[in-house]
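Structure record follows, encoded as structure tokens.
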Amino acid sequence: MITGILKESGSENRVAILPGEAAVLKKMGIEVLVELNAGERAFASDDAYRAAGAIILGRKELISKAAMLLAVNLPVGDAISSFREGQVICSVLNPVENSDWLEKARILGLTVLALDLVPRTTRAQSMDILSSMATVSGYKAVLAAASILPRFFPMFMSAAGTIKPSRVLILGAGVAGLQAVAIARKLGAIVEVFDVRSAVKEEVKSLGGKFIEVEGAKEDSAAGGYAVEQTGEFKKKQQELIQQRAIAADVVIATAQIPGKKAPVLILKETVNAMKPGSVIIDIAASSGGNCELTENGKNVIVNGIHIIGKSDFPSDMPSDASKMFGSNIINLLKIMVDKEGNLNLNMQDDIINGTTAIHGKEYISQRVRQILNIK
Ligand code: NAD
């Protein structure tokens with residue numbers, strides 16, 4: 001099979017496959033074409049790809065030659081007619097945002113493998129791009145907060161007196177939230193955490209954070225480990241308790257999400273108004289609406305001396321390691337889809353392949369994509 005690595009557009013700095021991972025694809029019997037300057041913003045030169053055995057081409061020629069295209073983001077900037085029936089595109093899908101493009105791709109007969117639909121199972125852990133990128137986001141979010149905060153994170157005992165440690169409040173203890181707990185603790189802060197899933201309580205504690213429980217959370221074992229929408233009564237109780245803890249905090253890292261839905265609003269305008277000037281809110285959930293009522297995606301809003309940073313693209317700010325993790329996840333996924341000769345073989349009986357395939361043979365395949373897009 002011939003694969004093509006696409007150059008990303010817009011502000012995206014990552015690339016789906018770095019030269020090291022291109023060499024692994026070659027060893028798997030896969031031919032690798034790379035778009036001119038595809039790795040430039042992730043600090044990988046065309047020469048480094050050539051040394052790994054790849055061929056550098058312009059975009060048009062690459063798309064016409066490759067049987068499978070690998071990208072970080074779905075190439076929605078290209079007209080659907082640039083692609084051909086039977087061609088495979090493997091990237092992050094964002095099904096809600098890209099539903100129109102996906103429908104056109106289905107009619108044309110493309111196969112779309114959606115990296116954000118890889119099931120969250122033990123077997124699929126090494127292919128889980130969401131976890132890899134959430135790890136980067138949790139790490140970077142804490143560092144971003146520490147660099148803006150007008151205070152130290154750790155306690156300091158110096159000749160000038162004792163400085164108290166900062167207090168960090170983390171909303172949502174998924175992969176990003178737990179990473180943020182770990183980094184904030186390493187920097188010496190006091191960390192408090194909210195989540196609606198009681199299963200994370202022990203993990204938070206083991207990382208040195210304090211789990212704040214709000215009674216009456218709705219949990220659903222059928223949600224595959226994800227959170228579900230909460231009742232109005234619970235939301236009110238939770239917002240009150242979060243307000244109490246946010247007033248005491250110096251930093252809030254907001255990561256709470258519900259797949260396929262708008263992010264829950266956990267920090268109201270009143271809460272921001274009651275917080276200490278100089279405090280920092282980093283809202284990773286910004287692209288799905290944000291956990292703070294005042295968050296604006298991609299912006300740093302300052303209200304009463306409080307920075308509210310709406311940022312969901314931290315992985316693009318750390319393109320070397322983020323691309324390395326991204327490419328390793330893709331390779332682990334392709335290992336279960338590619339035969340010894342390097343050809344793609346999509347066995348739809350395999351739960352990972354079935355769950356990841358958004359469209360194939362002019363049909364919607366993945367149960368999750370059908371659910372999210374409400375396809376009967
Ligand atoms: P996510 O990004 O969907 O959400 C982040 C966190 O926000 C979650 O912990 C969620 O419970 C929490 N949240 C949602 N609504 C909230 C609210 N109103 N108040 C407070 N918190 C709220 O989550 P994620 O990081 O993608 O992880 C989701 C689940 O998937 C976890 O159970 C995780 O352990 C599991 N997971 C499994 C695998 C695997 O086995 N391969 C890999 C990664 C994650």
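Take the conditions without any contact (Cβ under 8 Å) to a residue 12 or more places away in the chain and part of a loop (DSSP other than H, G, I, E, B) and apply them to N347. Does it pass?
yes
Consider the stretch 105-121. How many of its residues are at positive phi and within 12 Å of the ligand (Cβ to nearest atom)?
Final tally of qualifying residues: 0.
Answer with yes or no whether A249 is within 13 Å of the ligand (Cβ to nearest atom) and closer than 15 Å to G177 by Cβ.
no
I need a count of the residues in the stretch 127-156 that are touching a residue at least 24 places away in the same chain (Cβ under 8 Å), surrounded by fewer than 23 Cβ atoms within 10 Å (Cβ to Cβ), small (G, A, S) and more than 15 Å from the ligand (Cβ to nearest atom).
So the answer is 2.
Could you please let me know if G20 is modelled with pLDDT of 95 or more and closer than 23 Å to P315 by Cβ?
yes
Just checking, how many residues over the stretch 157-201 are in contact with a Leu (Cβ under 6 Å, 6 or more places away or on another chain), near the ligand (Cβ under 6 Å from one of its atoms) and of a type in the set (A, V, I, L, M)?
1
Quick check on my filter: what residues within the stretch 203-231 are away from the ligand (no atom under 12 Å from the Cβ) and assigned to a helix (DSSP H, G or I)?
K205, S206, A222 - these are the residues of the stretch 203-231 that are away from the ligand (no atom under 12 Å from the Cβ) and assigned to a helix (DSSP H, G or I).
So which residues in the stretch 45-79 are touching a Cys at 6+ places or on another chain (Cβ under 6 Å) and of a type in the set (S, T, Y)?
none
Can you pull out the residues in the stretch 353-376 that are in contact with a helix residue (DSSP H, G or I) (Cβ under 7 Å, 6 or more places away or on another chain), closer than 24 Å to T3 by Cα and surrounded by 14 or more Cβ atoms within 10 Å (Cβ to Cβ)?
Residues satisfying the conditions are G355, T356, A358, I359, Y364, I365, S366.
Being within 17 Å of S137 (Cα to Cα) and crowded, with 17+ Cβ neighbours inside 10 Å: is that true of I242 here?
no
Any chance you could count how many residues in the stretch 350-376 are assigned to a loop (DSSP other than H, G, I, E, B) and either among the hydroxyl-bearing types (S, T, Y) or farther than 24 Å from N98 by Cα (or both)?
The total comes to 2.
Looking only at the stretch 159-207, count every residue that is among the hydroxyl-bearing types (S, T, Y) and buried (at least 22 other Cβ atoms within 10 Å of the Cβ) and tell me the total.
1
Given (1) more than 30 Å from S316 (Cα to Cα); (2) part of a helix (DSSP H, G or I), identify the lone condition not met by V200.
Condition not satisfied by V200: (1).
Among the residues that make up the stretch 267-278, is at least one of them over 17 Å from the mean Cα position of the chain (by Cα), crowded, with 19+ Cβ neighbours inside 10 Å and assigned to a loop (DSSP other than H, G, I, E, B)?
The answer is yes; a qualifying residue exists.
The values are calculated or read from the model by the stated rules, or taken from the named source; none is laboratory data. Model, not experiment: these values are computed from the prediction. Positions of Cβ are backbone-derived with ideal geometry, glycine not excepted, and every protein chain shown enters the neighbour counts.
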